[in-house]
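Only one structure is covered here, and it is reproduced in the block below.
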Amino acid sequence: MNRELDFPVGIWETFATQRPPVRCSSGYLIYLQDTEATCFYYLKSGKVKSFIQSADGAERILNIYTTGSLFGEASFFDELPRVSSALALTPCEIVPIDRELVTQEFAQNPDLALAMMKYLARTVRMLSEQVDQMAFRPAKWRIANYLLTFSPVSGPVSCTQEDIAAAISSSRITVSRVLGEFARQGWISLGYRTITLLQPEQLQKLCQV
(Lines give C-alpha, C1' and ligand atoms only; values in the text may rest on other atoms or scores of the structure.)
Protein backbone atom coordinates (compact mmCIF):
# COMPACT_ATOMS: atom_id res chain seq x y z
CA MET A 1 0.00 0.00 0.00
CA ASN A 2 1.26 3.45 -0.91
CA ARG A 3 0.89 5.70 2.14
CA GLU A 4 1.76 8.87 0.18
CA LEU A 5 -1.12 9.09 -2.28
CA ASP A 6 -3.22 11.83 -0.65
CA PHE A 7 -0.47 13.73 1.19
CA PRO A 8 0.53 17.10 -0.31
CA VAL A 9 3.50 16.81 -2.64
CA GLY A 10 6.72 17.61 -0.81
CA ILE A 11 5.12 17.69 2.63
CA TRP A 12 8.19 16.16 4.28
CA GLU A 13 10.78 18.26 2.42
CA THR A 14 11.08 20.62 5.37
CA PHE A 15 13.07 17.92 7.14
CA ALA A 16 15.54 17.81 4.25
CA THR A 17 16.34 21.52 4.42
CA GLN A 18 17.67 21.42 7.98
CA ARG A 19 20.40 18.77 7.69
CA PRO A 20 22.79 17.68 4.93
CA PRO A 21 21.87 14.33 3.35
CA VAL A 22 23.90 11.18 3.89
CA ARG A 23 24.85 9.43 0.65
CA CYS A 24 24.82 5.65 0.61
CA SER A 25 25.45 3.13 -2.14
CA SER A 26 23.16 0.38 -3.40
CA GLY A 27 23.12 -2.51 -0.94
CA TYR A 28 23.92 -0.33 2.08
CA LEU A 29 22.14 -1.49 5.28
CA ILE A 30 20.65 1.68 6.75
CA TYR A 31 19.40 0.14 9.96
CA LEU A 32 18.98 -3.34 11.40
CA GLN A 33 16.05 -5.12 12.96
CA ASP A 34 16.04 -5.19 16.80
CA THR A 35 18.38 -2.19 17.15
CA GLU A 36 17.63 1.12 18.89
CA ALA A 37 15.83 3.74 16.77
CA THR A 38 17.60 7.02 17.50
CA CYS A 39 16.26 8.63 14.32
CA PHE A 40 14.04 8.09 11.31
CA TYR A 41 14.78 9.12 7.73
CA TYR A 42 13.65 11.29 4.84
CA LEU A 43 14.52 9.75 1.47
CA LYS A 44 15.78 12.66 -0.62
CA SER A 45 16.62 10.45 -3.60
CA GLY A 46 16.78 6.77 -4.47
CA LYS A 47 14.86 3.69 -3.42
CA VAL A 48 14.88 1.78 -0.11
CA LYS A 49 13.20 -1.44 1.00
CA SER A 50 12.15 -2.31 4.53
CA PHE A 51 12.01 -5.98 5.44
CA ILE A 52 11.79 -8.39 8.34
CA GLN A 53 13.93 -11.47 8.74
CA SER A 54 13.18 -14.61 10.74
CA ALA A 55 15.68 -16.50 12.88
CA ASP A 56 16.27 -18.99 10.05
CA GLY A 57 17.07 -16.19 7.58
CA ALA A 58 13.75 -16.07 5.71
CA GLU A 59 12.97 -12.55 4.51
CA ARG A 60 9.70 -10.71 3.93
CA ILE A 61 9.57 -7.27 2.28
CA LEU A 62 7.27 -4.83 4.05
CA ASN A 63 7.52 -1.81 1.78
CA ILE A 64 9.48 -0.14 -1.01
CA TYR A 65 10.17 3.57 -0.42
CA THR A 66 10.83 6.07 -3.20
CA THR A 67 12.01 9.70 -3.29
CA GLY A 68 10.09 11.93 -0.88
CA SER A 69 9.17 9.16 1.58
CA LEU A 70 9.75 8.82 5.30
CA PHE A 71 10.82 5.50 6.76
CA GLY A 72 11.84 4.06 10.10
CA GLU A 73 9.45 6.36 11.93
CA ALA A 74 7.31 3.87 13.87
CA SER A 75 10.06 2.55 16.15
CA PHE A 76 11.44 6.07 16.56
CA PHE A 77 8.16 7.33 18.01
CA ASP A 78 7.28 4.33 20.19
CA GLU A 79 10.90 4.16 21.49
CA LEU A 80 11.07 0.37 21.13
CA PRO A 81 13.62 -1.69 19.11
CA ARG A 82 13.18 -1.63 15.36
CA VAL A 83 10.83 -4.31 14.03
CA SER A 84 12.42 -4.29 10.57
CA SER A 85 15.59 -3.54 8.65
CA ALA A 86 16.10 -1.05 5.80
CA LEU A 87 18.35 -1.53 2.77
CA ALA A 88 19.23 0.85 -0.08
CA LEU A 89 18.11 -0.69 -3.38
CA THR A 90 19.80 2.07 -5.39
CA PRO A 91 22.31 4.82 -4.58
CA CYS A 92 20.44 7.04 -2.11
CA GLU A 93 20.50 10.34 -0.28
CA ILE A 94 18.88 10.11 3.14
CA VAL A 95 18.38 12.72 5.84
CA PRO A 96 18.43 11.44 9.46
CA ILE A 97 15.72 13.06 11.60
CA ASP A 98 16.50 13.00 15.33
CA ARG A 99 14.40 14.18 18.30
CA GLU A 100 15.86 17.67 18.27
CA LEU A 101 14.94 18.21 14.63
CA VAL A 102 11.45 16.70 14.81
CA THR A 103 10.61 18.70 17.96
CA GLN A 104 11.79 21.90 16.28
CA GLU A 105 9.75 21.27 13.13
CA PHE A 106 6.58 20.29 14.98
CA ALA A 107 6.80 23.42 17.16
CA GLN A 108 7.10 25.63 14.08
CA ASN A 109 4.46 23.78 12.06
CA PRO A 110 1.73 22.01 14.10
CA ASP A 111 0.04 20.85 10.89
CA LEU A 112 3.12 18.77 10.19
CA ALA A 113 2.60 16.94 13.50
CA LEU A 114 -1.01 16.16 12.52
CA ALA A 115 0.19 14.89 9.14
CA MET A 116 2.68 12.65 10.93
CA MET A 117 -0.11 11.15 13.03
CA LYS A 118 -2.02 10.39 9.85
CA TYR A 119 1.10 8.87 8.32
CA LEU A 120 1.62 6.59 11.35
CA ALA A 121 -2.02 5.53 11.19
CA ARG A 122 -1.45 4.58 7.56
CA THR A 123 1.38 2.34 8.69
CA VAL A 124 -0.99 0.43 10.94
CA ARG A 125 -3.53 0.15 8.12
CA MET A 126 -0.87 -1.05 5.69
CA LEU A 127 0.26 -3.81 8.05
CA SER A 128 -3.34 -4.86 8.68
CA GLU A 129 -3.94 -5.12 4.93
CA GLN A 130 -0.81 -7.22 4.53
CA VAL A 131 -2.14 -9.67 7.12
CA ASP A 132 -5.44 -9.74 5.22
CA GLN A 133 -3.63 -10.44 1.95
CA MET A 134 -1.58 -13.27 3.42
CA ALA A 135 -4.59 -14.92 5.05
CA PHE A 136 -7.41 -14.52 2.53
CA ARG A 137 -6.34 -13.30 -0.91
CA PRO A 138 -5.26 -15.44 -3.90
CA ALA A 139 -1.73 -15.04 -5.25
CA LYS A 140 -2.88 -13.20 -8.39
CA TRP A 141 -4.59 -10.54 -6.27
CA ARG A 142 -1.60 -10.18 -3.94
CA ILE A 143 0.83 -9.78 -6.84
CA ALA A 144 -1.35 -7.17 -8.57
CA ASN A 145 -1.74 -5.26 -5.33
CA TYR A 146 2.02 -5.34 -4.73
CA LEU A 147 2.75 -4.03 -8.23
CA LEU A 148 0.35 -1.16 -7.67
CA THR A 149 2.55 0.10 -4.82
CA PHE A 150 4.85 1.36 -7.60
CA SER A 151 2.10 3.45 -9.22
CA PRO A 152 2.26 6.26 -10.32
CA VAL A 153 6.00 5.70 -10.85
CA SER A 154 6.75 6.02 -14.58
CA GLY A 155 9.22 3.83 -16.40
CA PRO A 156 10.76 0.51 -15.32
CA VAL A 157 11.04 -0.19 -11.61
CA SER A 158 13.69 -2.40 -10.07
CA CYS A 159 11.81 -5.46 -8.86
CA THR A 160 12.69 -9.16 -9.01
CA GLN A 161 10.47 -12.20 -8.76
CA GLU A 162 12.26 -13.08 -5.53
CA ASP A 163 11.37 -9.64 -4.11
CA ILE A 164 7.70 -10.14 -4.90
CA ALA A 165 7.65 -13.71 -3.58
CA ALA A 166 9.16 -12.56 -0.29
CA ALA A 167 6.76 -9.62 -0.02
CA ILE A 168 3.56 -11.62 -0.55
CA SER A 169 4.61 -14.92 1.06
CA SER A 170 4.37 -16.95 -2.14
CA SER A 171 6.74 -19.08 -4.22
CA ARG A 172 8.91 -17.67 -7.01
CA ILE A 173 7.34 -20.19 -9.41
CA THR A 174 3.86 -18.85 -8.67
CA VAL A 175 5.06 -15.27 -9.08
CA SER A 176 6.72 -16.12 -12.40
CA ARG A 177 3.52 -17.75 -13.70
CA VAL A 178 1.29 -14.82 -12.72
CA LEU A 179 3.69 -12.18 -14.06
CA GLY A 180 3.86 -14.08 -17.35
CA GLU A 181 0.07 -14.01 -17.53
CA PHE A 182 -0.03 -10.27 -16.80
CA ALA A 183 2.61 -9.66 -19.50
CA ARG A 184 0.68 -11.68 -22.12
CA GLN A 185 -2.39 -9.58 -21.37
CA GLY A 186 -0.35 -6.43 -21.93
CA TRP A 187 -0.74 -5.15 -18.38
CA ILE A 188 2.99 -5.13 -17.61
CA SER A 189 6.30 -5.41 -19.43
CA LEU A 190 9.06 -7.61 -18.01
CA GLY A 191 12.73 -6.73 -18.30
CA TYR A 192 15.92 -7.89 -16.62
CA ARG A 193 15.13 -7.46 -12.91
CA THR A 194 12.62 -4.75 -13.82
CA ILE A 195 8.87 -4.43 -14.33
CA THR A 196 7.02 -1.65 -16.16
CA LEU A 197 3.33 -1.07 -15.43
CA LEU A 198 1.64 -0.56 -18.80
CA GLN A 199 -2.01 -0.77 -17.75
CA PRO A 200 -2.22 -0.27 -13.98
CA GLU A 201 -5.98 0.26 -14.32
CA GLN A 202 -6.33 -3.43 -15.23
CA LEU A 203 -4.44 -4.42 -12.08
CA GLN A 204 -6.73 -2.14 -10.08
CA LYS A 205 -9.78 -3.83 -11.58
CA LEU A 206 -8.39 -7.21 -10.59
CA CYS A 207 -7.90 -6.02 -7.01
CA GLN A 208 -11.50 -4.80 -6.87
CA VAL A 209 -12.90 -8.22 -7.72
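Residues being touching a residue at least 60 places away in the same chain (Cβ under 8 Å) and either of a type in the set (A, V, I, L, M, F, W, C) or open to solvent by 60 Å² or more (accessible area, probe 1.4 Å) (or both) are represented in segment 76-87 by at least one member. Taken over segment 29-66, the residue count meeting the criterion of being surrounded by fewer than 17 Cβ atoms within 10 Å (Cβ to Cβ), touching a residue at least 24 places away in the same chain (Cβ under 8 Å) and of a type in the set (Ser, Thr, Tyr) is 3. For segment 35-120, the strands (runs of 3 or more DSSP E) that sit wholly inside it and include 2 or more residues that are closer than 24 Å to residue 164 by Cβ and in contact with an Asp or Glu (Cβ under 6 Å, 6 or more places away or on another chain) are 47-53. Number of residues in segment 21-55 that are over 19 Å from residue 79 (Cβ atoms) and hydroxyl-bearing (Ser, Thr, Tyr): the value is 6.
The values are calculated or read from the model by the stated rules, or taken from the named source; none is laboratory data. Everything quoted here is computed from the prediction, not taken from an experiment. Every residue, glycine among them, receives a Cβ derived from its backbone with ideal geometry; neighbour counts consider all protein chains shown. In case anyone asks, the SASA skips ligands and DNA or RNA and just uses the protein heavy atoms, side chains included. Shrake-Rupley method; radii C 1.70, N 1.55, O 1.52, S 1.80 Å.
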